[in-house]
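**Student:** Attaching a single structure in C-alpha cells format; questions to follow.
Throughout, read-outs are computed from the coordinates displayed, never taken from laboratory work. Since we're looking at a predicted model, the values are computed, not measured. In this analysis, Cβ positions are derived from the backbone assuming ideal geometry, glycine residues included, and neighbour counts consider all displayed protein chains.
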Amino acid sequence: MDRVLENVIVKRIFTIYQLSHFLINNLEKDIKKYKSKLFIITGDFFLHSDSQISKKEMDWLYPQIIKAITKIKDSIIFVFSPTRLSNLMNYG
C-alpha cells in the first residue's frame, strides 16, 4: 500500500486557466516523471460556461487542452464531473 501511495500525485486546480496551463505545459512531463498510468481530472470545467472565460477564449483553449490530452500514449486519462446531468439543465 505504501508503494502505491508514493506514486499518487494530487494537484489542486481551481480555474480553467490553471487546468489548461497544467495540461498544455506539464501533463506530458509529469506523466513521464512519475511514470503514471492513470490520470484523473475531476471538476465541471468543461460542462457549462464559466464566467472567468469568454467564448472566444474557450473556443481557442479547449482544442489546445484536447490536443495536449490526446498526445498522451501509454496512460489512461479519465475526465469526469461531480455535476449531475439534471443540474446541467439549469445552465441552459
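**Student:** Can you pull out the trypsin sites (Lys or Arg not before Pro) in region 1-69 whose DSSP state is coil and whose Cβ has at most 16 other Cβ atoms within 10 Å? Display every interim value, and only then the final one.
**Tutor:** On the way: sites: Arg3, Lys11, Arg12, Lys29, Lys32, Lys33, Lys35, Lys37, Lys55, Lys56, Lys67; in loops: Lys11, Arg12, Lys35, Lys37.
Answer in residue order: Lys11, Arg12, Lys35, Lys37.
**Student:** I've got another one for you. Between the DSSP loop rule and a limit of at most 11 other Cβ atoms within 10 Å, which chymotrypsin sites (Phe, Trp or Tyr not before Pro) in region 1-78 are left?
**Tutor:** Numbers: sites: Phe14, Tyr17, Phe22, Tyr34, Phe39, Phe45, Phe46, Trp60, Phe78; in loops: Phe14, Phe45, Phe46.
Of the chymotrypsin sites (Phe, Trp or Tyr not before Pro), the ones in loops of region 1-78 whose Cβ has at most 11 other Cβ atoms within 10 Å are Phe14.
**Student:** Lysines within cross-link reach of Lys35: Cα-Cα under 21 Å, excluding same-chain residues under 8 positions apart?
**Tutor:** Within the straight-line limit of under 21 Å, Lys35 reaches these lysines: Lys11, Lys67, Lys71, Lys73.
**Student:** Skipping prolines and chain starts, which residues have an amide H placed within reach, meaning under 5 Å, of the one on Val79, given they are 5 or more residues away or on another chain?
**Tutor:** Those qualifying (amide H under 5 Å, at least 5 residues apart or on another chain) are Ile41.
**Student:** What FRET efficiency, computed as 1/(1 + (r/R0)^6) with R0 = 22 Å and r the Cβ-Cβ distance, is obtained for Asn7 and Ser81, rounded to the nearest 0.05?
**Tutor:** On the way: r = 25 Å, r/R0 = 1.13.
Efficiency for this residue pair is about 0.35.
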